[in-house]
Amino acid sequence: MIEADPAFLAVRNVSMRFGGLLAVSDASFFVKEGSITGLIGPNGAGKTTLFAIVSGFQKPTSGHVLWKGEEITARPPHLLARAGIARTFQIVQPFAGLSVRENIAVGAFLRHAKRDDAIALAEKVAERVGLTAELDKPAAALTVAGRKRVELAKALATEPKLLLLDEVLAGLNPSEVRDIVPVVRAIRDSGVTVLMIEHVMQAVMNLCEAVHVLAQGRIIASGTPAEVVATPAVVEAYLGHGAATRLSGQRDA
Amino acid sequence: MKDRQLALILGFAAVAALVPFFVTAGTWLNFAVFTLILCLAAQGWNILGGYGGQYSFGHAAFFGTTAYLTAVLQSRYGINPYAAFAIGIAAAAAVGWVIGFLSFRSGLKGSYFALVTLAFAEVFRVVANASDITGGAAGTLIKLDVRPENFQFASRGTFFWVVLAMVVLAMLLTRALERSRLGAQMVAVRENEDAARALGVDALQVKLSAIALSAAITGAAGGLYAQYFLYLDATIAYGTWISVEALLAPIVGGAGTVFGPVVGSIVLHSLSEFTKSLVGRIPGIDLVIFGIMLILVVRFPPRNIPGLIRRWRSGR
């Protein structure tokens, strides 16, 4: 197990039930301040639901979310954003009718009431994520990779302490992934803690110091990326029951 | 670009201010004042509908509230008309806030919100039609007493300037809103409420500010209407006609733009007047024209007049 800092973000025994479906079951994990922490798992494992709970979009059936020791369970998203928790959406949610600059400025307005200040911050953030050339384009006109960057920039413009990234790399081609990985690392280096849901394992191995694996709503493993992929339960969650033994059997043979 | 917008507003103000010098016929000046009053009502709707993305079908509730308060407070309680007008505007904003609170807090959006606002306006109309204080079905008269301190002017031209000043003020206010944090948040809520919330926008608070501001402006139009025509009944003040007028002009002229309501109301009313002079006063002909305009404008993207002009000019 990794050393966890319960003072930063702690998810404790969170369960979420939709009718007969238990989407998240008694999940507990920590995010250490200053880390890039990954949340991985097969499709339908409950990652996005868990994100929705941490970011205040959904109220868990039971359990708690603590932020620097303070209970933030089911606090509305706009208050969490003010407190310093920002999120991106898996399905990008641009303000389609607005330019890239205006999109990012909506986030920047959170801590800057004056338009000039907000626009200045928006342009600075755009530079950090490599959107300077697209500032005047309508957000709807961008490529998938561009929209993912806008999504990232909007969240960054709220000047968060914790950034929740829901599959920012999904749908990108390998060269686009290579371009954006250093951007995420630079965000962390600027002092923003990152919790990311990710399917692109190459990026997870590359970026994350700690990884939590969710399968069928449960946390089945936690550790460094290398530790986690060596865990039989994780291999089985992705490849099916008995896969770990078969694989190790092949290796031994 | 930004200075061009200001220049256009001031240019419009200057050109429009000349109207009373050239148009002296009473009926035409009446038409001009009436169009400007509807334009102001439309500007109010544009704040909530155009910028905030919440389509109200019941702006009559705000128009009528200020109209009635302006009329009733002065004719029954002897309050100064300007004070009555100001109280009326504040009351319209309050009514807007309450309607907004009841509907937005329960998460009403789109056609459901439209229906609820329509229902509120209709309830107001029925109540106003039945109660004594509004004069019931017989309506309320404001006593003719032409003195500037009494908000009544000897010439129609003066009143035209007063209404024009309000319209220009509303344009400047809209322009300021467009560049403010609240404006940006309103547009964000319109485009994508969840994304806006994730960025720290208190969607409920933003919508409530939008509806209160919107109601105040449309209310001001109602107060001016009462003060100009000096007569009100429930069908005028709270009638569906004004709700339709308030939303049609911005949609046709370009919702969520500073000039949309102005362009829309001038085009719609000029067209309907022109048709009337062509075919005579067939009842309902203006509604036919409105309907045709709306179909034409909405049929072809970008779905408003300035957009269509831009498209023709770029030759597509």
**Report entry** Angle between chain A longest axis and helix A:115-129 axis [Cα atoms, degrees, rounded to 10]
**Finding:** 40
Requested in this report: Taking H placed 1.01 Å from N in the peptide plane, check which residues at least 5 places from A:Arg87 or on another chain put their amide H under 5 Å from its amide H.
Outcome: A:Leu164
Requested in this report: Report relative contact order for chain A in percent, whole number only (criteria: Cα-Cα under 8 Å, sequence separation at least 6).
Outcome: 25
Query raised in the report: Given +1 on the Cβ of Lys and Arg, -1 on the Cβ of Asp and Glu, and no further charges, what dipole in debye does region A:41-122 carry about its Cα centre, rounded to the nearest 20?
Result: 40
Requested in this report: Enter the Cα centre distance for the pair region B:248-262 and region A:18-72, rounded to the nearest angstrom.
Outcome: 44
Report summary line: Once amide hydrogens are built 1.01 Å from N within the peptide plane, the residues lying 5 or more places from A:Met196 or on another chain with amide H under 5 Å from its amide H are A:Thr37, A:Gly38, A:Leu39, A:Leu165
**Report entry** Prolate/oblate/rounded label for region B:170-316 (Cα gyration tensor, a/c 1.5)
**Finding:** oblate
Report summary line: With a ≥ b ≥ c from the Cα gyration tensor eigenvalues, square-rooted, and the rule rounded for a/c under 1.5, otherwise prolate when a/b > b/c and oblate otherwise, region B:1-106 is oblate
Query raised in the report: Could you give the angle, 0 to 90 degrees to the nearest 10, between helix A:243-252's Cα long axis and the longest principal axis of the Cα atoms of chain A?
Result: 70
**Report entry** Unit charges on C-beta of K, R, D, E only; dipole of region A:65-169, Debye
**Finding:** 100
Requested in this report: Enter the mean number of other protein chain beta carbons within 10 Å of the beta carbon of each residue in A:104-112, as an integer.
Outcome: 5
Requested in this report: Would you list which lysines come within 16 Å of A:Lys124, measuring only between C-alpha atoms, while excluding same-chain residues fewer than 8 positions from it?
Outcome: A:Lys114, A:Lys154
Query raised in the report: Where in region B:66-90 does the amide nitrogen come within less than 17 Å of the point 7 Å from the Cα of B:Lys143, taken along Cα to Cβ?
Result: B:70-84
Report summary line: Here the whole-number average of other chain Cβ atoms within 10 Å per Cβ of A:155-162 is 1
**Report entry** Among A:Ala113, A:Leu135, A:Leu152 - extreme Cα towards positive end, dipole of region A:88-158, charges at beta-carbon
**Finding:** A:Leu152
Report task. Within region B:241-311, list the trypsin sites (Lys or Arg not before Pro) lying in a DSSP loop whose Cβ has at most 12 other Cβ atoms in a 10 Å radius. Result -> B:Arg281
**Report entry** Distance from region A:104-174 to region B:169-230 (C-alpha centre basis), Å
**Finding:** 25
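In deg cm²/dmol and to the nearest 500, what is the mean residue ellipticity at 222 nm of chain A if only DSSP H runs of at least 4 residues count, each as -39500 (n - 2.57), divided by the residue total? Working shown, then result.
Values: 10 runs with 98 residues, N = 253.
Computed mean residue ellipticity for chain A: -11500 deg cm²/dmol.
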Query - Dipole magnitude of the protein assembly as shown about its Cα centre (Cβ charges: Lys, Arg +1; Asp, Glu -1), debye to nearest 20 - result: 800
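Each value in this text was obtained by applying a stated rule to the coordinates, not by laboratory testing. Computed from a prediction, not measured in an experiment: that's the story for all the values here. As a convention, Cβ positions derive from the backbone with ideal geometry for all residues, glycine included, and neighbour counts pool all protein chains shown.
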